[in-house]
Amino acid sequence: MKQADRILSPEFLSLSAVMFLTFCNLAVFFQFDAYLETLHFGREWSGFLIGVFSLSVLVVRPIISPFLHEGNSRFWIVVSTCGIIVCLLLYDIGTTPLRMAAIRLAHGLAYVVLATAALSVVVGHIPPKKSAQAFGILSVLTLVPYAVIPPLLDPLGALLGGFSRVLDVFALAMVLVFPIMLLIGRNSNRPVVRNDTRIEWDDLVRNIRDGRIILLMLASLLVWAAFTVVFYYLKGYGEKVQVSNAGWFFTLSTFSEIGIRLVAGPFLDRYDKSRFLAVASLWLAASYFIMAFVSGETAFYAMGVVFGLGWGITMPMLSGLVFDISEPKLRALNTNLSMEMFQGGYFLGPLAGAMVLIHGGYEALFFASGAVMIIACICAGFLMKSTRTQSQ
């Protein structure tokens, strides 16, 4: 098979492994809201301390994205991994809100350099005609932590002596990035798509003025903001509806996501991705509305499967559309900007969610998330019309 047609190249798989370890750093914070409660900072601090991690990402990612490329990203992957290891070990001293905020900001900075550098390289190894399949495979690899880690956090915390000890173990796991980078080495194949053409100011202006890019970025922001509401506040909702281990929700939803992506992946490149995005967004809106009325373990876990089906289509469609719509030399930049929206959602979702939770409870939280997904569906509808006009 020609390099241009090959998805599962050694470089793609190695960098996917790095991103897998990076996403383990996110999945382990499933219990962070509960951990903050044990520190008695107060609910008014929790949303900010959860979201401030992403605040540093929001500021830094657009600044560093144009400067990270195939030639220098491996160096920055190693440097940022060292930073993540140090930050994870420092959570022990986050005994005041200001200290914890400083640690979260530093952790976010190290994370954004690692994620941006890895993504800048991996985009170059994606065959242009197989973008949905490639992003589907990549997302499956990065979803596995969400299936495995949340239900293990309670027993791991009990075994190791608390959440901060669990973070120490995950810091140790990040050491695996170093041999992976040595495995890639300097003899790696050149990218499938050359992205070393210098991006000029006119390119950036034209890119920002593209209505399709704006719609995609807004839809990404909304999808991820709604997602974080479930991720960070599901444990408390599970306790309210008498679910013993809410982490199994994400195990079921993740396997549901993986299943739908593996089954539907080959077909997603053949049809209008914006149509798939619209339908999946509407599915998720209905899922949030239904979640507000769920009670009991059976219905609670069943909703994990329902959400997984929606997320399993929505997220690779967003990534695939960004790849398809972007000019070749702007693909890495726009893919990283879409990750900017991912972090924007991780900042705004917990921050707004905490306010809604304080004043309206979990039911209002899920209704608000459903409304957000309806807006995302409308964005996808406009995108369908815009894409159809561009093709005529």
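Some points to look at:
- Amide H to amide H, with H built 1.01 Å from N, Asn245 comes under 5 Å of no residue 5 or more places away or on another chain.
- Loop-resident sites, the range 260-332, for chymotrypsin sites (Phe, Trp or Tyr not before Pro), counting at most 13 other Cβ within 10 Å (DSSP): Tyr271, Phe293
- Among Leu365, Phe29, Ile180 - extreme Cα towards positive end, dipole of the chain, charges at beta-carbon: Ile180
- With the simple model of a label 7 Å out from the Cα in the direction of the Cβ, Tyr271 to Thr95 spans 5.8 nm.
- Judged by the gyration tensor of its Cα atoms, with axes a ≥ b ≥ c, the range 319-388 is oblate; a/c meets the 1.5 cut and b/c is at least as large as a/b.
- Positive-end residue of Tyr111, Phe67, Ala219, charge dipole of the range 3-391 with Cβ unit charges: Phe67
- Sites listed here are trypsin sites (Lys or Arg not before Pro) in the range 268-314 whose DSSP assignment is loop and whose Cβ has at most 12 other Cβ atoms within 10 Å: Arg270.
- Theoretical FRET efficiency, 1/(1+(r/R0)^6), r = Cβ-Cβ of Cys82 and Leu204, R0 25 Å, to 0.05: 0.20
- Listed residues Ser164, Phe41, Tyr288: farthest to the positive end of the dipole of the chain (Cβ charges): Tyr288
- Here the range 275-359 has an Rg and Dmax of 15.9, 50 Å, counting Cα atoms alone.
- Sorted on the mean count of surrounding Cβ atoms within 10 Å across their residues, most packed first, peptides 50-62, 165-177 read 50-62, 165-177.
- Computed helical MRE - 222 nm, the chain, DSSP H runs ≥ 4 contributing -39500 (n - 2.57), nearest 500: -27500 deg cm²/dmol
- Around the Cα centre of the range 3-391, unit charges on the Cβ atoms of Lys, Arg, Asp and Glu (plus for the first two, minus for the last two) sum to a dipole of about 820 debye.
Every number here is computed from the coordinates shown, using simple stated rules; none is lab data. Quantities reported herein were computed from a predicted structural model and do not represent experimental measurements. Neighbour counts run over all protein chains shown; Cβ positions are idealised from the backbone, glycine included.
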